[in-house]
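Below you'll find the structure, written out as structure tokens, and then a few comments.
The values are calculated or read from the model by the stated rules, or taken from the named source; none is laboratory data. Predicted model, so just to flag it, every value in this text is computed and none were measured. Here the Cβ positions follow ideal geometry from the backbone for every residue, glycine too, while neighbour counts run over all protein chains shown. Please note that ligands, DNA and RNA were not included when accessible areas were found on the heavy atoms of the full protein model with its side chains. Shrake-Rupley method; radii C 1.70, N 1.55, O 1.52, S 1.80 Å.
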Amino acid sequence: PQLIAGPIIKYKDVGEQIDHRIHSVARFASGVCIFMTGLAKKLLLANNIGQLWENYKEILPEQISIGGAWLGILAFSFQIYFDFSGYSDMAVGLGRMFGFEFMENFRYPYISKSITEFWRRWHISLSTWFREYLYIPLGGNRCKKSKWIFNLFIVWAATGIWHGASWNYLLWGLFFFVVLVIEKMFAGRILKKMPAFLQHIYTIILLLVSWTIFAIEDMGHLSAYLKVMFGFSKAAVWDDFGTYNLKNYGIILLICILCSTPILKTRFQKMSKKWQMGLMIFLLVVSLLVCTAYLVAGTYNPFLYFRF
């Protein structure tokens, strides 16, 4: 049930479970629910919103408006989140069907109020792995400030290279290194005094910049795209292409925004057990039918994160 992307499972976490697992109909059913949630994330959300990113990725930055550039990278941010968290859910669900308990890999990362919080919620198993096998052995934060900053530099450079042998991945890792050092040094204290919505805006803007660096491997293309995003080009603020994409992908974009928050889960948990069971069965059946239809209609459904 666990392949190459995540959650990253250490032997000490599953060693005991290899010989001693608990099997039951209830646990198997729970695994099916988790698996189907992941499958729906991948096929219904990630694949569809990914088409919006493809619309912007395939044209030159000079032909994109400022708003369009932000819209495109927003689509990519949802694509990679639902693709990878969907895969992780499928792995966790399959594991539970066989009696294994794997760690949660994502915890609604896009509701974070800082980049520090984001990395407590995003790809949790990777953060844990680097902390245990690299950061702490280097000395962690129990050392001089200069050594601590150097330790962070090594960890985030390694995190970038982990994702691919391209300069943009190293730049992506170092981008987070700089932001996290600034937050830990002084910006974190300032953020906590700000209204919550401003903390969210700050975090989302930095995340969209980071995903731009991550998504575009060609450094010339990346530079041009960032210039458009921040108005350092002759690009229009908005254009007809952006309007066209909003009309075609506006609904799926709103669904992605909603599903990246715990709102639906909270509402579901407030229902009576009877309603929860009925709704869960209905959603599972519908999801299975629709996902099967998507698989039959499509010939190629790779996991985006398998590239990294």
Given a 1.4 angstrom probe, I'd like the percentage of the accessible area of the range 1-121 that is carbon and sulfur, rounded to a whole number. 60 percent
Could you work out which residue, out of L171, L254, L246, moves most in a Gaussian network model of the chain, that is, has the largest mean-square fluctuation with Cα springs under 10 Å? L254
Cα-based Lys proximity count in the range 117-260, under 19 Å, for pairs eight or more positions apart or on separate chains: 5
Which log10 I(q)/I(0) values does the range 193-233 give at q = 0.16, 0.28, 0.33 Å⁻¹ under the Debye formula, counting every alpha carbon as one identical point scatterer? -0.48, -0.90, -1.05
Set of aspartates and glutamates with alpha-carbon distance to K113 below 12 Å, sequence-local pairs under 8 removed: E183
222 nm mean residue ellipticity, helices alone, for the chain (DSSP H n ≥ 4; -39,500 (n - 2.57); rounded to 500): -21500 deg cm²/dmol
D_trans [Stokes-Einstein, Kirkwood Rh over alpha-carbon pairs] for the chain, 25 °C, 0.890 mPa s, µm² s⁻¹: 116 µm²/s
Ordered by packing density, taken as the mean number of other Cβ atoms within 10 Å over each peptide's residues, highest first, how do 57-67, 90-100, 37-47, 261-271 rank? 37-47, 90-100, 57-67, 261-271
I'd like the per residue volume of the convex hull spanned by the Cα atoms of the range 29-171, given in cubic angstrom. 154 Å³
Net charge of Cβ neighbours under 13 Å - reference L138; Lys, Arg +1; Asp, Glu -1: +3
Cα-based equivalent ellipsoid of the range 29-113: semi-axis lengths in Å, sorted from largest, via gyration tensor: 32, 13, 8
